[in-house]
Amino acid sequence: METPTKEPTMTAPRHTLMGLTLVATVLTTPVLAQRRLGPVEPAKATTIRHLLDLTGAARLALSGMEAMVPAQRAANPQIPAAFWDAFLARARRGLTQLVDSLVPIYASHFSQAELDQLVRFYESPLGKHLSEVQPLILQESMQVGQTWGAVIGREVSESLARSGVKPPNPN
């Protein structure tokens, strides 16, 4: 009978490095992936930047990141707190880069006429109100989503346990 060999365990520093790389990749891939888009006409880019300012898109993205970090800290205790602090500080400083990265995406999905209509909407009282409450809606929605995900995870885990499937060993 063959003796099962134990796979080597990942050392803490290597595990931490892989965790940091995964988190950075997940949070930055959307920005990096869009860079393949072509240049945008200056007038259209100006309209898009104005729209992004009116909608608070960069602020909303940052709020989303800030809301996700506590869960990431808890899920990845091997990642030092200094990483999360530096990550958020760099994200706050880099909002202009984020906006620059969003311009070609908006340009590929909206005509100039559509962008003008969106600007008019976000300059209206209802559009301004939406822009003001959207960060709160995002924050509340993320909290609901985390709770919902935890319930699903617990239910699936319990179901698998009843079926005889054991959860993986975290180490």
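Answer yes or no as to whether Leu130 is surrounded by 12 or more Cβ atoms within 10 Å (Cβ to Cβ) and either within 15 Å of the chain's Cα centre (by Cα) or modelled with pLDDT of 95 or more (or both).
No, not satisfied.
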Exercise. Would it be correct to say that Leu98 is closer than 15 Å to Thr55 by Cβ and part of a helix (DSSP H, G or I)?
Worked result: yes
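The values are calculated or read from the model by the stated rules, or taken from the named source; none is laboratory data. Just so it is clear, the model here is predicted, and its values are computed rather than measured. Positions of Cβ are generated from backbone atoms using ideal geometry, with glycine treated the same way; all protein chains shown enter the neighbour counts.
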